[in-house]
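Some notes on the structure that comes next.
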Amino acid sequence: MPITFRTELNPTDCAAIRSLVESTGVFNAVELDCAVELADERLKEGPASGYHFVFAELDGRVVGYACYGPIALTIGSYDLYWIAVDKSVQGQGLGRKIMDHVAEIILREGGRHIYIETSTKPHYQATRAFYERCGCPLVATLEDFYAPGDGKAIYYKKV
C-alpha cells in the first residue's frame, strides 16, 4: 500500500475521523462523538489543546489515524488517545505503521513513554491483542472502571 502520512489537521478531517472510527464497528455513539470532539478541540485551540494527530492516507483518502498528546505534569510521558484503521484496509500492517510513526514523532519531541488505555470488554480483545503485537505490554487493569463489568486495560510503550 502506498501510504502517506501527514500531521496537519484540516476541518474536513472531522468527518473522515467519524467515518473511519465508525467503520471499525467497535465504538459506540458516545465514543464516536469523543473522537471527533478531540479534533474539534485541536481546530479551535491549536497546539495548546494538547491533541496531536497523524493521518494515514491512501490515494488521498484517510484510512487510518491516531490522536496522542503529552500527559500534564510529566516529563516525556504521552497518552495515545485514539488509533483506528478503516475496516477496508485492516490486517495489512497499517495500524503498526501508524503506531511506529507516532512513536517516532514522540521520540523526536523528547518523549520517553506512551500510555494506552482501552476497555476490558470481550469485543475489545482484538484491540488489546494489537497493542501487545506492537510491543506494548499490559501494565495494569482497573476493574469496573468505565462501568460495572467494563474495566480499563492500560498498556505501555517505551519509545
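Things to note:
- Residue in region 85-108 that is in a strand (DSSP E or B) and at negative phi present: yes
- Number of positions in region 30-48 that are in contact with a helix residue (DSSP H, G or I) (Cβ under 7 Å, 6 or more places away or on another chain) and either in contact (Cβ under 8 Å) with a residue 24 or more places away in the chain or surrounded by fewer than 13 Cβ atoms within 10 Å (Cβ to Cβ) (or both): 4
- Top-ranked residue in region 114-124 [being of a type outside the set (A, V, I, L, M) and surrounded by 12 or more Cβ atoms within 10 Å (Cβ to Cβ); ranked as nearest to MET99 (Cα to Cα)]: TYR115
- Qualifying positions in region 4-48 - assigned to a helix (DSSP H, G or I) and charged (D, E, K, R): ASP13, ARG18, GLU22, GLU31, ASP33, GLU37, ASP40, GLU41, ARG42, LYS44, GLU45
- Residue match in region 85-106 (condition: of a type in the set (D, E, K, R) and buried (at least 18 other Cβ atoms within 10 Å of the Cβ)): yes
- The listed residue being part of a strand (DSSP E or B), of a type in the set (Phe, Trp, Tyr) and touching a Lys or Arg at 6+ places or on another chain (Cβ under 8 Å), out of TYR156, TYR146, TYR81, TYR65: TYR146
- Of all the listed residues (ALA140, ALA147), the sole one being surrounded by fewer than 18 Cβ atoms within 10 Å (Cβ to Cβ), in contact with a strand residue (DSSP E or B) (Cβ under 9 Å, 6 or more places away or on another chain) and small (Gly, Ala, Ser) is ALA140.
No value in this document is a laboratory result; all are computed from the given coordinates. What you see is a predicted model, and the numbers here were worked out from it, not measured in a lab. Glycine gets a Cβ as well: all are built from the backbone with ideal geometry, and neighbour counts include every protein chain shown.
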